[in-house]
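The values are calculated or read from the model by the stated rules, or taken from the named source; none is laboratory data. Just so you know, these numbers come straight off a predicted model, no measurement behind them. Note that we place each Cβ from the backbone using ideal geometry, even for glycine, and neighbour counts take in every protein chain shown.
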Amino acid sequence: MIHADREKIAQVLHNLIGNAVKYSPLRSTIRVDYAAIDNSLKVNVQDLGKGIAEKDQQRIFERYYRVKETSGGVISGFGIGLYLCREIIELHDGTIQVQSVKDEGSIFSFTLPFNP
């Protein structure tokens, strides 16, 4: 059992899936899965999109941080979506992280602890 704010966790999922769609090629696969690991639930959102450079992965959850596009394309946003995701997950005593390879895609994962 997990005690969580349903609307806030839905907001996290909506943002992660929306970003996966936004930064991926048309008709590419977005994979969402979950698993029980130790005493927590782990949720992954995986895309086959642009990926994120290693230097940007360290800052991607900061407020107003935006990855600089080198391809000349511009994708709208304020740089607060992932920051809000981190805040929501941390307020639920969870963690959020990214694993990514530039031009190969990303996996955004968050964990939420099970309640005894």
Do we have any residue at all in region 49-72 that's in contact with a helix residue (DSSP H, G or I) (Cβ under 9 Å, 6 or more places away or on another chain) and polar (S, T, N, Q)? no
Within region 24-54, count every residue that is without any contact (Cβ under 8 Å) to a residue 60 or more places away in the chain, touching an Asp or Glu at 6+ places or on another chain (Cβ under 9 Å), in a loop (DSSP other than H, G, I, E, B) and not hydrophobic (A, V, I, L, M, F, W, C). 5
Residue satisfying all of: in region 1-20; among the aliphatic types (A, V, I, L, M) and out of contact with any Gly (no Cβ under 9 Å at 6 or more places or on another chain); modelled with the lowest pLDDT among these: Met1
Taking region 79-104 and keeping residues surrounded by 14 or more Cβ atoms within 10 Å (Cβ to Cβ), over 18 Å from Ser24 (Cα atoms) and modelled with pLDDT of 95 or more leaves Tyr83, Leu84, Cys85, Arg86, Glu87, Ile88, Ile89, His92, Gly94, Thr95, Ile96, Gln97
Residue within region 32-40 that is under 14 Å from Lys102 (Cα atoms) and either modelled with pLDDT of 95 or more or touching a strand residue (DSSP E or B) at 6+ places or on another chain (Cβ under 7 Å) (or both) present: no
